[in-house]
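Each remark here refers to the structure printed beneath this line.
The values are calculated or read from the model by the stated rules, or taken from the named source; none is laboratory data. None of the values given here were measured: they were computed from a predicted structure. Ideal geometry is used to build each Cβ from the backbone, glycine not excepted, and the neighbour counts take in all protein chains shown. Only protein heavy atoms, including side chains, enter the accessible area calculation; ligands, DNA and RNA are left aside. Shrake-Rupley method; radii C 1.70, N 1.55, O 1.52, S 1.80 Å.
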Amino acid sequence: QVQLVESGGGLVQSGGSLRLSCAASGSDFSGYIMGWYRQAPGMQRGLVASISTKGTTAYIGSVKGRFTISRDNAKNTVYLQMNSLEPEDTAVYFCKVWGPDREYWGQGTQVTVSS
């Protein structure tokens, strides 16, 4: 069975950094787009960043220059390096794979940025 497991979330002060990881198992996703979404309380889930199979990246404007998405196809893992974190970045972060048969989601990891 396919599983996506996020890790690396936590509590950090403004200006701090966190590195999120999403490890996939059960299928090889090296040929598919992967990405990170986030959902703050009372807000809709929205895309943060995505990365193609060859490493082409895309970001929403509010995280450009602060966040970096990367992937290790050999490990079936996608990462999100988050620097200069702000309270507005507080949310549950989810990884996603546009897979061969369907879209797959992780269960999410909480990121809280204090003032």
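When the inverse distances between all different Cα atoms of segment 1-64 are averaged and flipped, the Kirkwood radius reads 13.7 angstrom.
Convex hull volume per residue, computed on the Cα atoms of segment 58-115, equals 103 Å³. When the inverse distances between all different Cα atoms of the chain are averaged and flipped, the Kirkwood radius reads 14.0 angstrom. Using a probe radius of 1.4 angstrom, the carbon and sulfur fraction of the accessible surface of segment 1-104 is 49%. Simple spin-label estimate for D28 and R45 gives 2.7 nm between the two label positions (7 Å along the Cα-to-Cβ direction from each Cα). The Kirkwood radius of segment 27-83, taken over pairs of alpha-carbon atoms, gives through the Stokes-Einstein law at 10 °C and 1.306 mPa s a diffusion coefficient of 133 µm² s⁻¹.
Assuming charge only on the beta carbon of Lys and Arg (+1) and of Asp and Glu (-1), the dipole of the chain about its Cα centre is about 160 debye to the nearest 20. Per residue, the chain exposes 51 Å² of solvent-accessible protein surface, assessed with a 1.4 angstrom probe and all protein chains in place.
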